[in-house]
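**Student:** Mind looking over this structure? Questions follow.
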Amino acid sequence: MANLKEIRNRITSVSSTMQITSAMKMVSAAKLKKAQDAITAMRPYADKLTELLQDLSATLDAESGSKFSEQREVNNVLIVAITSNRGLCGAFNSNIIKAVNKLTKETYANQEVSYLAIGKKADDAFKKTNKVIANESGLFDDLTFDNAADIAQMLMDQFVAGNYDRIVLVYNKFKNAATQEIMTEQFLPIVPIEKDDNVTLDYIFEPSKIEIVEQLIPKSLKTQLYKSVRDSFASEHGARMTAMHKATDNATELRDQLKLTYNKARQAAITNEILEIVGGAEALNN
């Protein structure tokens, strides 16, 4: 059994750790509320814009389709991995890294795969492959639509230039503070929904369907990327809050166990001292 001083030092250390994890939990809870409100307010608009764009794209003739809808033989793939800049959020980052690795080894095993990292953890994981074309971790320092739109525009330019035949987003979709869903979305080329002859679209086009689609596509793609990053941002704080909550509970349990061990050891030491005194007193009397 460890001596009393060692147990006291461990109790002090665990108590300090518990204070840190508890503080981090409260900070993440405060940030989560703001991030959750942002993605909750944005998601209906982004989903409706994507739905409208797919509806319109499905009705265009092949020769009048957008350059962003061009279906090419897939030789070069760019995977946009969205993680966080910091750790201490459970399996949040490792799940993304595993999903990207699985995508690389299974789905695109015969293609040339490159990566764009949004988040320092993604850059750390994939830079050793020498295939990270850019590290956009600074986006989280000022997460605005304009900054995300710049990255989306770069991706669109890369696709139009023919550098990549497919661009895929991998990120955590926010469901609630304790649950995140790994999402793999095709960013480019745009995949129109299947035509349904029984469904008619009651739209009035002004100026024309093609011009509207050409204007909507860049906006929709920029919104899609921004929504993905926002989803990941909210998921990060939810995952960190949950992880720190569990860490605080574990630290509390460990501290209580150490206190019990300390009290037992202290009681044993006191009992031994009493026995020694009694034994000494008996020896003197004899």
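**Student:** Among the listed residues Gln36, Gln54, which satisfies the condition of being in contact (Cβ under 8 Å) with a residue 12 or more places away in the chain and closer than 30 Å to Phe205 by Cβ?
**Tutor:** Details: Gln36 fails: closer than 30 Å to Phe205 by Cβ.
Only one candidate qualifies: Gln54.
**Student:** Restricting the search to the range 222-263, which residues are in contact (Cβ under 8 Å) with a residue 60 or more places away in the chain, charged (D, E, K, R) and under 21 Å from Thr12 (Cβ atoms)?
**Tutor:** Once the filter is applied, which keeps residues that are in contact (Cβ under 8 Å) with a residue 60 or more places away in the chain, charged (D, E, K, R) and under 21 Å from Thr12 (Cβ atoms), the range 222-263 yields Arg255, Lys259.
**Student:** Given the condition in contact with a Lys or Arg (Cβ under 6 Å, 6 or more places away or on another chain), at pLDDT 90 or above, of a type outside the set (Lys, Arg) and farther than 30 Å from Leu143 by Cβ, answer yes or no: does some residue in the range 221-243 qualify? Steps first, answer last, please.
**Tutor:** First pass over the range 221-243, keeping only residues in contact with a Lys or Arg (Cβ under 6 Å, 6 or more places away or on another chain): 231, 237, 241.
Now restrict to residues that are at pLDDT 90 or above: 231, 237, 241.
Okay, now just the ones that are also of a type outside the set (Lys, Arg), so 231, 237, 241.
Next cut, farther than 30 Å from Leu143 by Cβ only: none.
Within the range 221-243 (the criterion being in contact with a Lys or Arg (Cβ under 6 Å, 6 or more places away or on another chain), at pLDDT 90 or above, of a type outside the set (Lys, Arg) and farther than 30 Å from Leu143 by Cβ), the answer is no, since none of the residues qualifies.
**Student:** Next question, about the same structure. Pairs, please: C-beta under 6 Å, at least 6 apart or cross-chain, first residue on the phi > 0 side of the Ramachandran plot and in the range 89-107, second in a helix (DSSP H, G or I)?
**Tutor:** Sorted first by the residue in the range 89-107, then by its partner, the pairs are Gly90/Ala239; Gly90/Ala243.
**Student:** Sort through Asp142, Asp146 and tell me the only one that's closer than 24 Å to Asn93 by Cβ and among the acidic types (Asp, Glu). Outline the logic, then answer.
**Tutor:** On the way: Asp146 fails: closer than 24 Å to Asn93 by Cβ.
Answer to the check: Asp142.
**Student:** Suppose we filter the range 208-221 for residues that are free of Cβ contacts under 8 Å to residues at least 24 places away in the same chain, small (Gly, Ala, Ser) and part of a helix (DSSP H, G or I); how many remain?
**Tutor:** Qualifying residue count, the range 208-221: 0.
**Student:** State which residue is farthest from Arg230 (Cα to Cα) when the search covers only the range 33-54 and only residues that are small (Gly, Ala, Ser) and surrounded by 13 or more Cβ atoms within 10 Å (Cβ to Cβ). If you could, list the steps in order and put the result at the bottom.
**Tutor:** First, pick out the residues of the range 33-54 that are small (Gly, Ala, Ser): 35, 38, 41, 46.
Pick out the ones that are also surrounded by 13 or more Cβ atoms within 10 Å (Cβ to Cβ) and you get 35, 38, 46.
On the way: Ala35: 7, Ala38: 8, Ala46: 12 Å.
Looking at the filtered set, the residue picked out is Ala46.
**Student:** Condition test on Val132, is it of a type outside the set (Ser, Thr, Tyr) and in contact (Cβ under 8 Å) with a residue 60 or more places away in the chain?
**Tutor:** Values: of a type outside the set (Ser, Thr, Tyr): yes; in contact (Cβ under 8 Å) with a residue 60 or more places away in the chain: no.
No.
**Student:** Might you let me know whether the range 264-286 holds any residue that is closer than 30 Å to Val27 by Cβ and part of a helix (DSSP H, G or I)? Full working, then the answer.
**Tutor:** Our first condition is that a residue be closer than 30 Å to Val27 by Cβ; within the range 264-286, this holds for none.
No, that holds for no residue.
**Student:** To continue, here is another question. Give just the number: which of (1) over 26 Å from Phe140 (Cβ atoms); (2) out of contact with any Leu (no Cβ under 8 Å at 6 or more places or on another chain); (3) modelled with pLDDT of 90 or more does Phe92 not satisfy?
**Tutor:** (1)
**Student:** Limited to the range 159-179, what total is found for residues that are closer than 21 Å to Val27 by Cβ and either of a type in the set (S, T, N, Q) or outside the structural domain of Ile133 (by TED's automatic domain parsing) (or both)?
**Tutor:** Just the residues of the range 159-179 that are closer than 21 Å to Val27 by Cβ, to begin with: 172, 174, 176-179.
Those left that are additionally either of a type in the set (S, T, N, Q) or outside the structural domain of Ile133 (by TED's automatic domain parsing) (or both): 172, 176, 179.
Adding up the residues that qualify gives 3.
**Student:** Which of the residues spanning the range 99-139 are of a type in the set (Asp, Glu) and part of a helix (DSSP H, G or I)? Walk me through it before giving the result.
**Tutor:** Step one: of the range 99-139, the residues of a type in the set (Asp, Glu) are 106, 112, 123-124, 136.
Within the range 99-139, Glu106, Asp123, Asp124 qualify.
**Student:** So, in the range 184-220, of the ones that are hydroxyl-bearing (Ser, Thr, Tyr) and surrounded by 14 or more Cβ atoms within 10 Å (Cβ to Cβ), which residue ends up modelled with the lowest pLDDT? Let's see the steps before the verdict.
**Tutor:** At the first step, the residues of the range 184-220 found to be hydroxyl-bearing (Ser, Thr, Tyr) are 184, 200, 203, 208, 220.
Imposing the further condition that a residue be surrounded by 14 or more Cβ atoms within 10 Å (Cβ to Cβ) reduces the set to 184, 220.
Details: Thr184: 96, Ser220: 89.
Looking at residues that are hydroxyl-bearing (Ser, Thr, Tyr) and surrounded by 14 or more Cβ atoms within 10 Å (Cβ to Cβ), I get Ser220.
The values are calculated or read from the model by the stated rules, or taken from the named source; none is laboratory data. Note that this is a predicted model, so its numbers are computed, not measured. A quick note on method: Cβ atoms are made from the backbone with ideal geometry, for glycine too, and the neighbour counts reach across all protein chains shown.
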